[in-house]
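So the structure is just underneath, and the comments pick up after that.
The values are calculated or read from the model by the stated rules, or taken from the named source; none is laboratory data. Since we're looking at a predicted model, the values are computed, not measured. As a convention, Cβ positions derive from the backbone with ideal geometry for all residues, glycine included, and neighbour counts pool all protein chains shown.
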Amino acid sequence: MDPRHDATDPLDARLGALKAECAALGPPPATDRAIAAAIARARRYGAHPRRVTRGLERWLAWPLALAASIGLIAVALRQMPAEEIVAAPATAAAARFMPVVPVTEIERSGDAYVVPARMPRMALAQFGLPVNPARAGEAIDTELLVRPDGAVLALRFVN
Amino acid sequence: MDDPVPHPPAALSERTEASDAVLAVRLACGDPEALDPLYRRHKGIVYRFAMLWSGSAAIAADVTQDVFVHLLTRAADYDAARGPLSPWLLGIARNFVRRRTGTRELALGEDPDALAAPLELATPETSLIARAELDALRRAIAALPPHYRDVLVLVELAERSYAEVAAICGLELNTVRSRLFRARALLSRWLAIEAQSTGARSSAA
């Protein structure tokens with residue numbers, strides 16, 4: 001009987017029994033197969049399956065996308081104040097961990113720890129993120145994914 | 001009331017969470033193979049939560065698949081600094097199971113104590129053997145209002161701490177406590193009604 005449940009309380013007794021009965025339950029093999037298939041699909045096409053384009057359409061897709069992006073950026077730059085242009089892209093990019101070693105090395109690592117750290121704001125530039133020159137000398141909060149031996153695996157900028 | 005969940009030793013807990021964090025980073029960096037150990041590690045708790053919440057093995061299987069496909073494509077959304085992976089997965093499971101069952105929140109002001117006991121709870125067969133009692137309890141849990149079901153399943157059956165449930169459901173700690181209290185009171189009342197009706201049938205026979 002689960003120590004959290006009072007055997008003298010009828011409800012606790014039933015909850016404890018229900019929990020014990022369900023303890024060994026898990027998804028059916030069909031779900032296991034569906035997840036294995038999703039992993040295989042993601043390995044082949046990436047996590048977001050891409051549409052396969054052929055012939056002329058495939059050759060035109062990238063130049064058209066590039067032209068459209070340049071056009072959108074040009075329009076955005078004309079409409080946004082200078083300070084926002086510097087700050088906005090950093091927020092989205094800063095939200096996720098960025099590997100600082102090859103992914104294969106992260107794969108080989110067993111355990112790791114998330115450690116807060118402060119770094120010079122100029123470090124943003126090393127990851128291709130924009131830096132406001134007026135604030136380049138300030139420190140920025142980061143979180144490091146660190147292996148037990150001290151090696152840094154990935155880094156994320158906080159705020 | 002004290003937090004009822006005994007927490008594992010800190011070192012062990014940190015090691016487990018760190019491994020999940022590494023696998024989540026690998027997933028976010030485009031390595032889908034990292035999903036396999038995460039799935040094997042957490043599939044049971046996600047499936048059991050969805051099954052106890054919905055009362056349906058088929059819905060639980062679908063929700064489990066939804067949760068891990070979501071993790072495959074949205075691993076970057078998981079922030080290891082904010083807590084372990086399993087409560088995050090349970091939060092996603094909670095959203096998916098609510099969506100699949102089409103449940104609604106109880107409107108403010110609606111009195112949960114006025115809810116009638118589920119009809120199938122009090123049948124002659126349910127109280128005859130322990131197995132049927134568990135089935136009756138399962139149906140009673142599935143008939144609870146969703147926000148009571150959340151805390152009851154997470155605290156009493158999925159062994160989450162009050163703090164974790166507060167984070168999963170986006171509630172204050174005291175709200176978790178009060179909802180758990182009312183969920184238990186409702187279940188006790190329904191089970192008492194069931195026992196009374198069973199006793200009445202036995203004496204009539």
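Can you pull out every residue in the stretch B:68-95 that is touching a Phe, Trp or Tyr at 6+ places or on another chain (Cβ under 6 Å) and in a helix (DSSP H, G or I)?
Correct list: B:PHE68, B:TRP88, B:LEU90, B:ALA93.
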Within the stretch A:47-62, the residues that are facing chain B (nearest Cβ under 10 Å) and at pLDDT 65 or above are none
Of the candidates B:ILE168, B:ILE141, the one satisfying the condition of being within 20 Å of A:ALA23 (Cβ to Cβ) and buried (at least 22 other Cβ atoms within 10 Å of the Cβ) is B:ILE141
Those residues of the stretch B:147-194 which are on the phi > 0 side of the Ramachandran plot and within 13 Å of chain A (Cβ to nearest Cβ) amount to B:GLU159
Subset of the stretch B:55-71, residues more than 7 Å from chain A (Cβ to nearest Cβ) and surrounded by fewer than 23 Cβ atoms within 10 Å (Cβ to Cβ), comes to B:GLY55, B:SER56, B:ALA57, B:ALA58, B:ILE59, B:ASP62, B:ASP66, B:HIS70
Flagged in the stretch A:121-150 as assigned to a helix (DSSP H, G or I) and surrounded by 15 or more Cβ atoms within 10 Å (Cβ to Cβ), in numbering order, are A:ALA123, A:LEU124
Considering the stretch B:40-54, residues that are touching a helix residue (DSSP H, G or I) at 6+ places or on another chain (Cβ under 6 Å) and free of Cβ contacts under 8 Å to residues at least 24 places away in the same chain, and then whichever is nearest to the other protein chains (Cβ to nearest Cβ), we arrive at B:TYR47
Those residues of the stretch B:73-104 which are farther than 25 Å from B:HIS147 by Cα, crowded, with 21+ Cβ neighbours inside 10 Å and free of Cβ contacts under 8 Å to residues at least 60 places away in the same chain amount to B:ALA75
